[in-house]
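Written below as structure tokens is the structure these notes are about.
The values are calculated or read from the model by the stated rules, or taken from the named source; none is laboratory data. Remember, it's a predicted structure, so these values are computed and weren't measured experimentally. Cβ placement follows ideal geometry from the backbone for every residue including glycine, while neighbour counts extend to all protein chains displayed. Ligands, DNA and RNA are excluded from the accessible area calculation, which covers all protein heavy atoms including side chains. Shrake-Rupley method; radii C 1.70, N 1.55, O 1.52, S 1.80 Å.
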Amino acid sequence: GENVEQHPSTLSVQEGDSAVIKCTYSDSASNYFPWYKQELGKGPQLIIDIRSNVGEKKDQRIAVTLNKTAKHFSLHITETQPEDSAVYFCAVTSNDYKLSFGAGTTVTVRA
Amino acid sequence: NAGVTQTPKFQVLKTGQSMTLQCAQDMNHNSMYWYRQDPGMGLRLIYYSASEGTTDKGEVPNGYNVSRLNKREFSLRLESAAPSQTSVYFCAGQRGQGRTDTQYFGPGTRLTVL
């Protein structure tokens, strides 16, 4: 599978502040970049995705930006709330049409 | 719609025992996947089925077998469980095999091999 690096591995933010998670990938032909949120004891759930023909996508408090030249994309969460506490995974499609995942970021929102 | 369901939720095995993890989806997905999740390693693909009647190996297939019983069901079998197979297993479904199709995950099976 493709090599996907995700940083940071843990992130603690004060409620109301912003959180940013970054991922880099290796295959320049990749064109689909989803983000998943996993709450404790549950399966990953898609929260937002972006395709390579778009540089930015926003959905309420979450946004994703993509820089295809540099091969990196980021998840931005604004006005964080306690329910944003979870593990977040980035993913990328590889040439063989399968998803490759980052190692995950544990986000903790402090009240 | 139940989405993607998995059974059992928890399982404890002894080394050498066998078991089958079940997955079913009612979203009319053509493609189905089995992943394992280990701390600090994200999700790694074990096997997948692009369509009914086909299966292919993923990144970490050793020690596992799969069966795509019909369009709805995709099972994962451990013939002789090993402690290294202690993990959380997730099944996922996808409408097609397109590079931009979303995968939907089940709730997972937490497996411990003693």
Item to check | Whole-number accessible area per residue in Å² for region B:1-58, which is evaluated in the context of all protein chains at 1.4 Å | outcome: 49
Checklist outcome for this item: Interface buried area A-B, accessible surface with 1.4 Å probe, both sides summed, nearest 100 Å², comes to 1800
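With charges set only on the Cβ (+1 for Lys and Arg, -1 for Asp and Glu), what does the dipole of the protein assembly as shown come to about its Cα centre, in debye to the nearest 20? Walk me through the numbers before you get to the answer.
Numbers: 23 positive and 21 negative charges, 70 e Å.
Charge dipole, the protein assembly as shown, about its Cα centre: 340 debye, nearest 20.
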Item to check | Gaussian network model of chain B, Cα within-10 Å springs - most flexible of B:LYS57, B:LYS14, B:LYS71 | outcome: B:LYS14
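Could you state the accessible area per residue of chain A in Å², with a 1.4 Å probe and every protein chain left in place?
On the way: 5320 Å² over 111 residues.
I get 48 Å² per residue for chain A.
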Checklist entry - For region A:1-59, what class follows from the C-alpha gyration tensor (a ≥ b ≥ c being the square roots of its eigenvalues): rounded when a/c is under 1.5, otherwise prolate if a/b is larger than b/c, else oblate? => result prolate
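Can you tell me what percent of all Cα-Cα pairs in chain A are more than 18 Å apart? Don't skip to the end; give the middle numbers.
On the way: 2732 of 6105 pairs.
That tail contains 45 percent of the Cα-Cα pairs.
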Checklist outcome for this item: Scalar couplings 3J(HN,Hα) for region A:45-50 by Karplus 6.51 cos²θ - 1.76 cosθ + 1.60 (θ = phi - 60°), nearest whole Hz, x for Gly and Pro, are 10, 5, 10, 6, 9, 9
Checklist entry - Quick one: Karplus J couplings for region B:21-36, per residue in order, coefficients 6.51, -1.76, 1.60, θ = phi - 60°, nearest Hz, x for Gly and Pro? => result 8, 9, 9, 9, 9, 10, 9, 6, 6, 7, 9, 9, 9, 10, 10, 10
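So which GluC sites (Glu not before Pro) in region A:1-102 end up in coil per DSSP with only 16 or fewer other C-beta atoms within 10 Å? Mind showing how you got there, number by number?
Details: sites: A:GLU2, A:GLU5, A:GLU15, A:GLU39, A:GLU56, A:GLU79, A:GLU83; in loops: A:GLU2, A:GLU15, A:GLU39, A:GLU79.
Those satisfying the criteria are A:GLU15, A:GLU39, A:GLU79.
Once neighbouring chains are kept in place and the probe is 1.4 Å, which whole percent of the accessible area of chain A is contributed by carbon and sulfur? Can you show the working numbers first?
On the way: 2480 of 5320 Å².
Carbon plus sulfur share of accessible area: 47 percent.
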Item to check | For B:GLY3, distant residues with modelled amide H under 5 Å away | outcome: B:ASP26
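Keeping the other protein chains in place, figure out the carbon and sulfur percent of the accessible area of chain B, with a 1.4 Å probe. Write down the numbers at each step before the final one.
Working: 2500 of 5240 Å².
For chain B, the apolar C and S fraction of the accessible surface comes to 48 percent.
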Checklist entry - Out of B:GLY63, B:GLY42, B:GLY96, any idea which swings most in a Gaussian network model of chain B, alpha carbons joined below 10 Å? => result B:GLY42
Checklist entry - Dividing the alpha-carbon Rg of the protein assembly as shown by 2.2 N^0.38 Å yields what? => result 1.01
Next on the checklist: Need one number: nm distance between label points at A:GLN14 and B:THR7, each 7 Å from Cα along Cα→Cβ, rounded to one decimal.
Outcome noted: 5.0
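Quick one: plug the Kirkwood hydrodynamic radius of region B:19-105 (C-alpha pairs) into Stokes-Einstein at 25 °C, 0.890 mPa s, and report D in µm²/s.
Details: Rh = 13.0 Å.
It diffuses with D of about 188 µm²/s by this estimate.
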Checklist outcome for this item: Where a ≥ b ≥ c are root eigenvalues of the Cα gyration tensor, a/c under 1.5 meaning rounded, otherwise prolate if a/b exceeds b/c and oblate otherwise, region B:1-46 counts as oblate
Checklist outcome for this item: With all protein chains in place and a 1.4 Å probe, B:VAL66 shows an accessible area in Å² (nearest 10) of 30
Checklist outcome for this item: Largest fluctuation, A:GLY55, A:GLY43, A:GLY16 only, Gaussian network model of chain A with Cα springs under 10 angstrom, belongs to A:GLY43
Checklist entry - Tell me which lysines have Cα within less than 22 Å of A:LYS22's Cα, excluding those fewer than 8 residues away on the same chain? => result A:LYS37, A:LYS57, A:LYS58, A:LYS68, A:LYS71, A:LYS98
